[in-house]
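The values are calculated or read from the model by the stated rules, or taken from the named source; none is laboratory data. None of these values were measured; they are calculated from a predicted model. Note that we place each Cβ from the backbone using ideal geometry, even for glycine, and neighbour counts take in every protein chain shown. Quick note on the areas: whole protein, heavy atoms, side chains included, nothing else; ligands and nucleic acids left out. Shrake-Rupley method; radii C 1.70, N 1.55, O 1.52, S 1.80 Å.
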Amino acid sequence: MNFARTPRVTVFPDAQTAARVVAARLASALQDNPQLVLGLATGRTPIPLYAELVRVSAARGLDWSRVTTFNLDEFVGVPPESPGSYRRFMEERLFRHVNLDPHRINFLNGTADPDDECRRYDRAIAAAGGIDVQILGIGTNGHIGFNEPGAGLEARTHRVRLRSETRRSNATLFGGEIDKVPSEALSMGMAAILQARTALLLAHGETKASCIERVVNGPLTTELPASFLQLHADADLILDAAAASRLTGAG
Ligand code: GLP
């Protein structure tokens, strides 16, 4: 048996070009399957992608009314409508600009009972038939969603204590003040991510280059959660030149 090398690596000159290509790919997926189940990520990385998706949706008249979305994660204790929440980020960047049915938007609620909320989310993902296309970013420590590096990884949706580097990189959502970034979050686990039929991990910039090199060439390790994408049958790394700068022969 021949195992194809995975994840596939595609390098674009810049983040904007990458966003255009991925948005066109998602638009086609949505046209082919109007009931697409889309996994979504927050962070700076997907901002150009969401802007481009909004533009393409208007230009092509895309119908999102039967699309279902699941976001990866949310901060514990932060109400959905609050400015620092991931829910609010998604409302501003994507949800309010396309005709998604609010009932088909799935989000972890950081103010709900964490255990019940995590179980509810896993049941909702299962009831939707799993995720068709999962968009991912990557933390500078190799986390995906909020699956942080450590001695072990969780398969299911779970409550997680955030590492200080992760809190630092999320500080912009909280007026630049790291102390205001919650110390815990709820995150989709590795199972739903790895069981997504397609996974698209986007990374931009020099700060992601060494992680990306380890995701591509390094061993599978819980110390680099994104390395588990090597087990995925249909995973793409979509990089700008800076994020790919430590890879040789990528392109
Ligand atoms: C947060 C999110 C991740 C995201 C990461 C990278 O920690 N939970 O899903 O991938 O940030 O953020 P950025 O894209 O801003 O580098």
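Table for the structure above
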quantity	calculated
Test: residue in the range 201-211 that is of a type in the set (Gly, Ala, Ser) and part of a helix (DSSP H, G or I)	yes
Residue satisfying condition, being open to solvent by less than 60 Å² (accessible area, probe 1.4 Å) and farther than 26 Å from residue 239 by Cα, within set 34, 46	34
Scope the range 171-200; condition near the ligand (Cβ under 10 Å from one of its atoms) and open to solvent by 20 Å² or more (accessible area, probe 1.4 Å); matching residues	172, 173
Qualifying residue in the range 141-153 (condition: surrounded by fewer than 22 Cβ atoms within 10 Å (Cβ to Cβ), hydrophobic (A, V, I, L, M, F, W, C) and outside any loop (DSSP other than H, G, I, E, B))	no
Options 159, 168, 163, 123: the member that is open to solvent by 30 Å² or more (accessible area, probe 1.4 Å) and in contact with a Cys (Cβ under 9 Å, 6 or more places away or on another chain)	159
Test: residue in the range 4-25 that is buried (at least 20 other Cβ atoms within 10 Å of the Cβ), assigned to a helix (DSSP H, G or I) and over 17 Å from the mean Cα position of the chain (by Cα)	no
Tabulated pairs, the range 168-188, first over 15 Å from residue 86 (Cβ atoms), second among the hydroxyl-bearing types (Ser, Thr, Tyr), C-beta under 9 angstrom, 6+ apart or interchain	178/164
Long-range neighbours under 6 Å by Cβ, at least six apart or interchain, first residue closer than 9 Å to residue 237 by Cβ within the range 190-202, second buried (at least 24 other Cβ atoms within 10 Å of the Cβ) and of a type outside the set (A, V, I, L, M, F, W, C)	202/45
Residue identified as within 16 Å of the ligand (Cβ to nearest atom) and in contact with a Leu (Cβ under 9 Å, 6 or more places away or on another chain) among 150, 145, 139	145
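To keep it simple, each residue is scored yes or no on (1) over 16 Å from residue 100 (Cα atoms); (2) not hydroxyl-bearing (Ser, Thr, Tyr).
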position: 38; (1), (2): no, yes
position: 44; (1), (2): yes, yes
position: 63; (1), (2): no, yes
position: 69; (1), (2): no, no
position: 72; (1), (2): yes, yes
